[in-house]
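In what follows, a single structure is set out as structure tokens and then discussed.
The values are calculated or read from the model by the stated rules, or taken from the named source; none is laboratory data. Not measured: the values here are computed from a predicted model. No Cβ is skipped: glycine too gets one built from the backbone with ideal geometry, and neighbour counts run over all protein chains shown.
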């Protein structure tokens, strides 16, 4: 397989989903000299990119009709299916040689389905979920985990390098999504520990700013503590990554685990705790809002 590498000023880029992360990811690509055609279900969220020079399309199909490489980062697997495989989806607007890249955290089986349907139309498809949240997206420092053909990954690597610092081809279609499940399983129990530890420190009267200085640099340190710890201390529960999307991810991982006859009790507990966050009305807050549910369980009002 020989695929021409992307080139700024020549390769046309399409972008579907301009939310908390997608807006910045697309912006970095445009800043590197690529012209972009974009689509977002809520058009007003695409306005900053339009003002920066992007062309706004009416459908994902229209995005693909005007693009050589189409990226998408949306919410749920149902959204992925719609924007890629729907009647007005990107595949319907793709010609032979178009490259479709799904950066949503979604189902491995759906990634394989998109890959196979795209291949039947001589279109390339990659699953390339990311980790790093809103901070990683703004700083072009995401970790990008890729499933699909290695040659296609190589061809679009200059675009991926606009968005991330760690770019790894993990294997065939679906491998990127499976790798993201590993990532989310790691995060899930870590978030419980982060919130419980800070809650313990608060309850016993410690100065949490001082505690943070001591524990963030030793063996207890983690990316979650580094990025989300200060937000919790500041009582900032706005989303870098939505609770409801994290619940979706954990559900996918548990479904895959069941299929493989794996018992993952820590993940199951984390999902139940996050269900409680959603139940008290914080599904659209950031994952650090787990603290609010744990406070409520302990009768702590702040």
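Might you check whether a residue that is in a strand (DSSP E or B) and modelled with pLDDT of 95 or more occurs anywhere in the stretch 43-64?
Among the residues of the stretch 43-64, at least one is in a strand (DSSP E or B) and modelled with pLDDT of 95 or more, which makes the answer yes.
Only one residue in 197, 257, 219, 193 is at pLDDT 95 or above and exposed (fewer than 14 other Cβ atoms within 10 Å of the Cβ), so which one is that? First the steps, then the outcome.
Numbers: 197 fails: exposed (fewer than 14 other Cβ atoms within 10 Å of the Cβ); 257 fails: exposed (fewer than 14 other Cβ atoms within 10 Å of the Cβ); 219 fails: at pLDDT 95 or above.
Answer to the check: 193.
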* Structure fact -> Considering the stretch 10-20, residues that are more than 21 Å from residue 58 (Cβ to Cβ) and at pLDDT 95 or above, and then whichever is surrounded by the fewest Cβ atoms within 10 Å (Cβ to Cβ), we arrive at 10
* To do: Report, by residue number, each residue of the stretch 207-237 that is under 17 Å from residue 134 (Cα atoms) and assigned to a helix (DSSP H, G or I).
  => 223, 224, 225, 226, 227, 228, 229, 230, 231, 232
* To do: Scan the stretch 101-123 and give yes if some residue there is free of Cβ contacts under 8 Å to residues at least 24 places away in the same chain and assigned by TED's automatic domain parsing to the domain that holds residue 160, otherwise no.
  => yes
* Looking only at residues in the stretch 86-111 that are surrounded by fewer than 18 Cβ atoms within 10 Å (Cβ to Cβ) and not in a loop (DSSP other than H, G, I, E, B), which one is farthest from the chain's Cα centre (by Cα)? -> 92
* **Any chance residue 75 is part of a loop (DSSP other than H, G, I, E, B), surrounded by fewer than 20 Cβ atoms within 10 Å (Cβ to Cβ) and at positive phi** => no
* Asked: Can we say residue 63 is crowded, with 20+ Cβ neighbours inside 10 Å and not assigned by TED's automatic domain parsing to the domain that holds residue 135?
  -> no
* Do the conditions hold for residue 241, that is, is it modelled with pLDDT of 95 or more, at negative phi and in contact with a strand residue (DSSP E or B) (Cβ under 9 Å, 6 or more places away or on another chain)? -> no
* Would you call residue 275 out of contact with any strand residue (DSSP E or B) (no Cβ under 9 Å at 6 or more places or on another chain) and exposed (fewer than 15 other Cβ atoms within 10 Å of the Cβ)? -> no
* To do: Working carefully through the options 176, 205, find the one that is modelled with pLDDT of 95 or more and in contact with a strand residue (DSSP E or B) (Cβ under 9 Å, 6 or more places away or on another chain).
  => 176
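Residue by residue, here is whether (1) over 21 Å from the mean Cα position of the chain (by Cα); (2) within 19 Å of residue 179 (Cα to Cα); (3) not assigned by TED's automatic domain parsing to the domain that holds residue 133; (4) not in a loop (DSSP other than H, G, I, E, B) holds:
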residue	(1), (2), (3), (4)
239	no, no, yes, no
252	no, yes, yes, yes
281	yes, no, yes, no
290	no, no, yes, yes
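For the stretch 116-129, which positions are crowded, with 18+ Cβ neighbours inside 10 Å and over 22 Å from residue 12 (Cβ atoms)?
Selection gives 129 alone.
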